[in-house]
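First the structure, in the form of C-alpha cells, and then the observations on it.
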Amino acid sequence: MSRIALVTGGSRGIGAAISKALQAAGYTVAATYAGNAEAAAAFSAATGIKTYKWDVADYEACKAGIDQVMAEVGPIDVLVNNAGITRDAPFHKMTPQQWHEVINTNLTGQFNMTHNVWSVMRDRKFGRVINISSINGQKGQFAQANYAAAKAGDIGFAKALAQEGARAGITVNVIAPGYINTEMMSTIPEKVMNEVILPQIPVGRLGEPDEIARAVVFLASDQAGFITGSTLSANGGQYMV
C-alpha cells in the first residue's frame, strides 16, 4: 500500500508541482486549497488528486479537514506545509491586519497542520514533515517584515520539532526556494526581471517548480531518513548559508 502525502496549497504553483511529483513517485496524494475552487477542480480533473478546501490559519478547520482526509484516503505519512500568502508593505505602512494574516497563514498554519498529524505519525513510528520556507526567511526582504518573520519562524519550528520527532521515526526538514518560475513571477515587468532579479542569481535563471518538487520527493523518501532539522536552500546561489 502506498504512503499517503498531504500537500497544503497543493493545487497551484509550487504546490501543484509537489503534488504531481509525489504522485509520480508512488504516493497517494491529497491537496488543500484556500479559495480558488475552479483551479482546484481543474487540477483534480487533470491529475486524479483529491483536493480539499480549508484555511490553514484556522486550527479547527485543519483538524476537521485532516480527519476527513484520513477517513477518505488514510493516515498521513507525509505532510508538506506549502501554503503561503504575501501582504507586502514597507513596515511604516504595514497594518496589523497585514502582519497577522501572513503570520497566521505562513507560520501558525504550519503549527495547525503539523499538530493535527503529529500524534498519528508518532503512533505509527514514521513521518515526514517538509516545510516550504523562502530565501526571504533566511536573508530578509524589503517590505516583507511579516513574510520574512513567518518564513524564518518556519525554519526555527522545524529545527525544534525535528529534535522531538527523531526518536519516533519522524523527520522534519525545510526547503527554502529562491525566485521560482510561477504564475506570480510572470507579473514582474521584463525590465525588472532582466536588470534587477536575474543579475542577483549566479546561475542566471529562475528556478522551476519541478526542481523544488524533486527535493520534496527526496526528503519524503526512506533514503532521507538520516536528514532532519535541515534547511535545503534552492535559490541558484543567490544566498548561500
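Quick look at the numbers
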{"read-out": "Of the criteria (1) in contact (Cβ under 8 Å) with a residue 12 or more places away in the chain; (2) within 30 Å of Asp77 (Cα to Cα); (3) part of a helix (DSSP H, G or I); (4) not charged (D, E, K, R), which one Gly229 fails", "value": "(3)"}
{"read-out": "Subset of the range 149-186 that is assigned to a helix (DSSP H, G or I) and modelled with pLDDT under 95 - its residue that is nearest to the chain's Cα centre (by Cα)", "value": "Met185"}
{"read-out": "Which listed residue is touching a strand residue (DSSP E or B) at 6+ places or on another chain (Cβ under 9 Å) and closer than 20 Å to Arg128 by Cα, from Ala83, Ala37", "value": "Ala83"}
{"read-out": "Failed condition for Glu38, given (1) acidic (Asp, Glu); (2) in a helix (DSSP H, G or I); (3) within 17 Å of the chain's Cα centre (by Cα)", "value": "(3)"}
{"read-out": "The range 1-34: number of residues that are in contact with a strand residue (DSSP E or B) (Cβ under 7 Å, 6 or more places away or on another chain) and outside any loop (DSSP other than H, G, I, E, B)", "value": "16"}
{"read-out": "Residue tally, condition β-branched (Val, Ile, Thr), surrounded by 11 or more Cβ atoms within 10 Å (Cβ to Cβ) and part of a helix (DSSP H, G or I), over the range 192-213", "value": "3"}
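The values are calculated or read from the model by the stated rules, or taken from the named source; none is laboratory data. Computed from a prediction, not measured in an experiment: that's the story for all the values here. Here Cβ is always computed from backbone atoms with ideal geometry, including for glycine, and neighbour counts include all displayed protein chains.
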